[in-house]
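Report on the structure given below.
The values are calculated or read from the model by the stated rules, or taken from the named source; none is laboratory data. Here the structure is a predicted model, which means the values were calculated and not measured. Glycine gets a Cβ as well: all are built from the backbone with ideal geometry, and neighbour counts include every protein chain shown.
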Amino acid sequence: MYELFKKLNKLGIYIIEKEIEKNGYYLPEAKIMFINEKLTEEEKKYTIYHELAHHLDHSDYIALYKKPVYHYKMESEANDYAIDQLIKEHDGVYNYSQLIDKFNISMGRDVKYFRRSV
């Protein structure tokens, strides 16, 4: 986790751990990442990688995040990034299926985001 915190520090991202309803979220304009303090260390690491993906790939598209199709796409990309990072960290011991199950990652579209457009 030290290397991950070092990377965040280098990027100027500040982490706040507190009790929140979600696992985490990122405020790009302030470079602040909120992480649920009740998560396990592994869940925190996954969540930090997920939110980091939003910083690295989506900060310029924040206005599109409220659009259902773009929201889904950005969340899916952030999940992929987090999974890839955890697999790399564990020298390929994990695979996608194991991590999807372990972190209860939704890989399908969330119907509530698409009902209005159908």
Looking only at segment 8-36, count every residue that is surrounded by 14 or more Cβ atoms within 10 Å (Cβ to Cβ) and among the acidic types (D, E) and tell me the total. 1
Which count do you get for residues in segment 69-79 that are of a type in the set (S, T, N, Q) and over 14 Å from E43 (Cα atoms)? 1
Applying the selection to segment 54-92, what residues are farther than 16 Å from G24 by Cβ and polar (S, T, N, Q)? S76
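Yes or no, residue by residue, for (1) loosely packed, with under 14 Cβ neighbours inside 10 Å; (2) over 15 Å from T47 (Cβ atoms):
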{"position": "Y61", "(1), (2)": "no, yes"}
{"position": "K67", "(1), (2)": "no, yes"}
{"position": "Y81", "(1), (2)": "no, no"}
{"position": "L86", "(1), (2)": "no, no"}
{"position": "V93", "(1), (2)": "yes, yes"}
{"position": "S97", "(1), (2)": "yes, yes"}
Can you report the number of residues in segment 75-115 which are modelled with pLDDT of 80 or more, in contact with a helix residue (DSSP H, G or I) (Cβ under 8 Å, 6 or more places away or on another chain) and among the hydroxyl-bearing types (S, T, Y)? 1
Note down all Cβ pairs under 8 Å where the first residue falls in segment 34-62 and is under 17 Å from H90 (Cα atoms), the second is buried (at least 21 other Cβ atoms within 10 Å of the Cβ) and β-branched (V, I, T), and they're at least six residues apart or on different chains. K44/I35; T47/I35; I48/I35
